[in-house]
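Everything on this sheet refers to the single structure shown next.
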């Protein structure tokens with residue numbers, strides 16, 4: 001190792017190293033992107049908060065599935081209306097009409113229909129009534145739901161405001177009264193008689209968005225007009241925001257899980273966490289291992305004995321059972337996981353560094369340095385360390401995938417830090433929700449592939465470093 | 001150093017590992033107050049059974065309570081709950097060594113007992129069965145494939161093995177297991193999703209054995225794929241290095257057949273370092289086996305870990321940690337003995 005430049009040029013000469021660096025660049029890019037765009041408390045504030053994901057479809061496949069399968073699956077749709085399109089007096093009421101249209105262009109039924117109302121404000125003590133209607137492509141109209149806003153308490157002053165902190169969410173396809181309406185509708189429109197119970201059994205979405213066809217229902221394609229009518233006593237009454245959610249079968253780039261969480265977000269958040277775990281563990285365990293290894297090799301004597309005995313014992317322990325034990329007892333915090341990984345990481349390095357130091361110690365220039373009276377720490381830092389440094393660097397990179405994999409394994413056993421989403425935890429939740437047994441491949445494949453990808457990145461870099469660090473290997477490649 | 005002394009030395013150093021693990025774990029659960037929780041649980045359990053027994057004899061509720069209170073005090077004393085945790089550490093360690101591992105909170109054995117030693121004893125053979133099956137397959141595969149690759153360095157087989165081993169290093173065993181289930185059980189419907197026998201298990205012994213093998217296929221395949229890569233690679237590297245030694249050239253020069261050169265001159269010499277490397281990989285292998293059991297709900301001790309974590313059962317976790325360390329230490333010792341068998345230098349020096 002004559003110069004640093006030679007070191008890098010040799011490293012760069014190997015194909016594995018180039019691919020490894022390219023992969024690392026990808027991992028670092030996604031990590032930086034995530035750190036820059038996601039809040040740090042993403043895990044507790046959004047990921048583990050089911051309310052945040054309430055409007056998402058559950059277990060939806062990624063959108064690009066449509067591209068491969070040909071049979072088009074319905075995209076998830078969220079339509080927001082913030083101002084009424086029409087306003088007219090009707091008897092004693094002012095009617096405000098919030099309208100939105102939706103084009104059903106594939107042969108699928110929406111998986112659910114939700115109406116969400118936010119910031120309803122009214123002035124008269126009589127609360128307004130809200131009616132939700134849909135007009136189908138065949139110009140038939142169904143009244144989906146009637147909502148009465150909670151009337152004001154005697155202590156309240158106008159304007160009375162409702163649903164500000166917590167929007168009023170109405171899962172239309174879960175309303176029991178709707179079965180009677182739909183049963184009537186079927187009788188009038190198609191002269192078919194279905195008991196309300198039967199309608200509920202068939203599923204409201206099929207009736208609302210379909211037409212009868214040989215005993216079953218097939219989707220009725222075309223334009224649907226959703227209307228939310230606000231019957232107000234006062235002209236100033238209004239709904240701040242109306243949102244109509246049509247549950248799709250495909251969602252986003254990575255699909256959703258059982259809670260409707262956008263898997264793409266969770267997977268993105270896993271990048272910086274994996275890097276953090278990998279780097280923190282490898283840097284700390286290399287640091288401890290190198291310092292103790294050099295000290296053990298160079299100082300020798302009692303210190304050497306003690307360090308080597310500890311290393312022997314630690315190296316002969318089965319890692320995973322003790323990892324499980326320690327993380328289980330001390331709590332599943334990320335820093336505890338890292339600390340435990342460090343405790344088990346350093347001994348193997350200390351043993352090898354010690355033997356390398358022993359070799360380096362016997363060279364004549366060390367004797368020369370000692371003879372001119374150089375202090376011990378100076379010799380260790382200036383003469384011994386540079387000799388073992390490349391090896392230590394290679395080991396550090398080799399520790400990284402091990403740390404990432406160990407954290408993922410702990411997460412899979414249910415010992416991951418619950419406040420921080422990681423790939424391992426996404427897999428654990430998938431496994432426990434039966435994703436493997438039900439074929440929810442989009443929940444199982446991507447997180448695992450990312451774990452492998454990030455681990456392979458560091459394996460490749462380490463392999464690229466190997467011939468540089470260990471000149472004996474150069475002959476073989 | 002004689003053979004016996006060498007083995008004794010190894011045995012002692014492995015026993016120290018076991019002792020250190022035991023000491024540290026007991027100390028940790030003592031200092032964190034978890035041992036009080038475990039022991040209290042044991043006292044409560046004993047009291048519950050006592051109450052049922054005594055209720056038949058003592059009809060007066062007052063007297064019953066007084067009797068139970070007396071028993072409770074005795075139990076607390078006998079479990080050492082009236083003393084600080086460090087004072088009862090020796091007792092605790094002794095109890096674990098003698099496999100008096102306490103009771104589990106929710107997990108029960110297949111026969112219904114909630115004594116941890118019963119639960120573990122029942123599952124122990126299943127774990128060993130899986131581990132040993134894979135160990136043997138790995139050993140055979142790595143020997144044959146590794147040697148084959150070593151005799152043709154740079155060939156397609158050799159290069160694919162290098163690639164395979166570096167990928168398998170980065171491949172989480174448990175995720176591979178999930179993929180196996182997804183592909184072979186869910187999509188292809190070739191193998192069962194998990195477990196050890198079909199429900200209900202076949203009564204005919206032959207069918208029962210076949211059923212077991214059928215259930216064994218996926219977990220074994222998973223573990224072999226995940227762990228054999230590095231084994232094959234290590235075998236290959238050591239065999240290649242040995243094959244370049246001068247005495248191999250001499251053997252060839254003598255005109256010995258290539259098979260003989262390979263098996264007697266190369267592999268015979270390469271065997272000890274291969275074995276050493278297998279020992280070093282054992283810890284990773286043990287971890288893989290635990291996780292594989294959890295994925296395939298193989299009713300062994302690895303799955304038990306999963307259940308213990310789910311039900312927050314400290315006593316069970318402690319017991320499993322101890323038993324796994326024990327297994328590890330025993331397998332290590334067996335490998336050490338094997339090492340002495342294959343390496344004559346150890347015997348004659």
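Throughout, read-outs are computed from the coordinates displayed, never taken from laboratory work. Just so it is clear, the model here is predicted, and its values are computed rather than measured. Neighbour counts are summed over all protein chains in view; Cβ atoms, including those assigned to glycine, are modelled from backbone coordinates with ideal geometry.
Quick look at the numbers
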| item | result |
| --- | --- |
| Inter-chain Cβ neighbour average for residues A:400-408, partner chain, 10 Å | 2 |
| On Cα atoms only, tilt of A:334-361 relative to the major axis of chain A in degrees | 20 |
| Label zone at residue B:24, where the point sits 7 Å out along the Cα-to-Cβ direction: the range A:278-322 residues whose backbone N lies under 12 Å | A:310-322 |
| Cα→Cβ-extended label distance, 7 Å offset, between residue B:6 and residue B:106, nm | 5.1 |
| Zone residues, the range A:239-257, relative to residue A:156, backbone N less than 11 Å from point 7 Å out along Cα-to-Cβ | none |
| Simple spin-label estimate for residue A:253 and residue A:99 in nanometres, 7 Å along Cα-Cβ | 3.8 |
| Binned Cα-Cα distance frequencies in the range B:116-342 - 5 Å width, integer % | 1, 6, 12, 15, 16, 15, 12, 9, 6, 4, 2, 1, 0, 0 |
| Normalised per residue, the volume of the convex hull around the Cα set of the range B:27-89 (Å³) | 68 |
| Estimated FRET transfer efficiency when R0 is 56 angstrom, pair residue B:71-residue B:297 (beta carbons, to 0.05) | 0.90 |
| Long-range Cα-Cα pairs in chain A (distance over 34 Å), rounded percent | 55 |
| Degrees between helix B:116-151 axis and first principal axis of chain B (Cα, 0 to 90, nearest 10) | 10 |
| Simple label model, 7 Å out from Cα along Cβ direction - residue A:28 to residue B:204, nm | 6.4 |
| Within the range A:309-341, backbone nitrogen closer than 13 Å to the virtual label 7 Å beyond the Cα of residue A:287 toward Cβ | A:339 |
| Residue mean of other protein chain beta carbons inside 10 Å, B:175-185 | 5 |
| Extension reserve of the residue A:18-residue A:264 stretch, reckoned as 0.36 nm per residue once the Cα distance is removed | 85.8 nm |
| FRET efficiency estimate (nearest 0.05) - Cβ-Cβ, residue A:438 to residue A:83, R0 45 angstrom | 0.60 |
| Average beta carbon contacts from partner chains per residue of A:456-464, 10 Å cutoff | 2 |
| Cα-based helix-to-principal-axis angle, A:178-190 vs chain A, degrees rounded to 10 | 60 |
| Range of Cα positions in the protein assembly as shown per principal axis (Å), largest first | 109, 85, 69 |
| Distribution of pairwise C-alpha distances over the range A:77-246, 5 Å bins, in % | 2, 8, 17, 20, 18, 14, 10, 7, 3, 1, 0, 0 |
| Gained length - residue B:276 relative to residue B:15, 0.36 nm times residue gap less alpha-carbon distance | 92.1 nm |
